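K.L.:
Let me begin by handing over the structure; questions about it come next.
The values are calculated or read from the model by the stated rules, or taken from the named source; none is laboratory data. On a predicted model such as this, the values are computed, not experimentally measured, just so you know. Backbone-built Cβ (ideal geometry, glycine too); neighbour counts: all protein chains shown. Accessible surface areas use protein heavy atoms only, side chains included; no ligands, DNA or RNA. Shrake-Rupley method; radii C 1.70, N 1.55, O 1.52, S 1.80 Å.
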Amino acid sequence: MSRFVHALLVAAAAMCLVAPSAGANPNNRLGGTLGDLWTTVLQTPTPENPFTGGSPCVDLGDIVAPFGPNGATSCTVERGTKVFAAAWSTECSTFEGNGTTEAQLRACARAADQGITTHTIAVDGQSVPVSEVETDLLTIHLPKDNIFGLTGADRNGLSVGHGWVTLLDPLTVGTHTIDIHVAGTVSFDNQTTIIVL
């Protein structure tokens, strides 16, 4: 498989931004959450993986990240769950032959996203801000049944992700719509329904 270039579709609460603590760099935290998302997805066995028809609602603890190759159409979450929203994200890894060093993988992820000129998220019709972030160098151990079909020591590798994301406080109880629009070398529009119980 060539590098995963994928729109991460997720939900967020309009007007309910998570405020970073004083002195904290919110992009570091957002990059960390993007890293958690890519790690979780890559380490999910094939039958449950969002890339192969598994649930598009990726559980990151107290955060949900709707995710799928064609976008997530719907996710149901419990009240109090934060939502990680990515307008667009690219991942480059050693599994796909995109390099062997952090510098090579980071350059690959950045280069893949250079042509993306528009990346917006609207929640219930209200635009929310997104930040451009990168993950740290991720150390990945693929499961035996993995989406790359790799075996043995080849299941251990490295990855770097890049994208435009936001993290918002939990949505209110009810049904919400998340609209994502991406344009440039790739055009992508998706609407995700988030149902909060």
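K.L.:
Over all Cα pairs of the chain, how is the pair count split among 5 Å bins, expressed in % and running from 0 up to the last occupied bin?
P.N.:
Histogramming the chain at 5 Å steps yields 1, 8, 17, 21, 21, 16, 9, 5, 1, 0 percent.
K.L.:
Take every Cα-Cα distance within region 85-197, group them into 10 Å bins from 0 onward, and report for each bin the whole-number percent of pairs it holds.
P.N.:
In order of increasing distance, the bins hold 13, 34, 29, 21, 3 percent.
K.L.:
Given a 10 angstrom Cα cut-off, can you work out which residue in ASN98, ASN49, ASN28 is the most mobile in a GNM of the chain?
P.N.:
Result: ASN28 has the largest fluctuation of those listed.
K.L.:
Could you give the length gained by full extension between SER127 and LEU150, i.e. 0.36 nm per residue of separation minus their alpha carbon distance, to one decimal place? Let's see the in-between values first.
P.N.:
Numbers: separation 23, 0.36 × 23 = 8.28 nm, distance 4.06 nm.
Roughly 4.2 nm would be gained on extension.
K.L.:
Quick check on packing: order 62-69, 109-116, 136-143 by the mean number of other C-beta atoms within 10 Å, highest mean leading.
P.N.:
Highest-to-lowest ranking by the protection proxy: 62-69, 109-116, 136-143.
K.L.:
GNM, the chain, Cα, under 10 Å: largest mean-square fluctuation among SER127, SER89, SER74?
P.N.:
Looking only at SER127, SER89, SER74, the biggest GNM fluctuation is shown by SER127.
K.L.:
Could you report the chain's accessible area per residue, 1.4 Å probe, as an integer in Å²?
P.N.:
With the other protein chains kept in place, the chain gives 44 Å² per residue.
K.L.:
Can you pull the percent of region 89-197's accessible area that's carbon plus sulfur, 1.4 Å probe, other chains left in place?
P.N.:
Details: 2430 of 4860 Å².
Roughly 50 percent, rounded to a whole number.
K.L.:
What order, most packed first, do the peptides 38-45, 119-126 have when packing is the mean number of other Cβ atoms within 10 Å of each residue?
P.N.:
Numbers: 38-45: 20.0, 119-126: 17.9.
Output ranking for 38-45, 119-126: 38-45, 119-126.
K.L.:
Something else: Would you mind calculating the relative contact order of the chain from Cα pairs under 8 angstrom and at least 6 residues apart, reporting the percent as a whole number? Before the final figure, lay out each step's value.
P.N.:
On the way: 496 pairs, mean separation 64.2, N = 197.
The value is 33 percent.
K.L.:
Continuing with this model, one more query. Calculate the dipole size of the chain relative to its Cα centre from +1 charges on Lys and Arg beta carbons and -1 charges on Asp and Glu beta carbons; express the result in debye to the nearest 20. Walk me through the numbers on the way to the answer.
P.N.:
Details: 8 positive and 18 negative charges, 21 e Å.
Roughly 100 debye, rounded to the nearest 20.
K.L.:
Can I ask one more? For region 49-134, compute Rg over Rh where Rg is the Cα radius of gyration and Rh is the Kirkwood radius from the inverse mean 1/r over Cα pairs. Don't skip to the answer; put the middle values down first.
P.N.:
On the way: Rg = 15.0 Å, Rh = 15.0 Å.
Ratio of gyration radius to Kirkwood radius for region 49-134: 1.00.
K.L.:
Please state the relative contact order of region 63-166 as a whole percent: Cα pairs under 8 Å, 6+ residues apart? Spell out each step's value before the answer.
P.N.:
Numbers: 155 pairs, mean separation 36.6, N = 104.
Computed value for region 63-166: 35 percent relative contact order.
K.L.:
How about region 25-120: which GluC sites (Glu not before Pro) there are in a DSSP loop, with at most 15 other Cβ atoms within 10 Å of their Cβ? It would help to have the intermediate numbers written out before the result.
P.N.:
On the way: sites: GLU48, GLU78, GLU91, GLU96, GLU102; in loops: GLU78.
Listed in order of number, the matching sites are GLU78.
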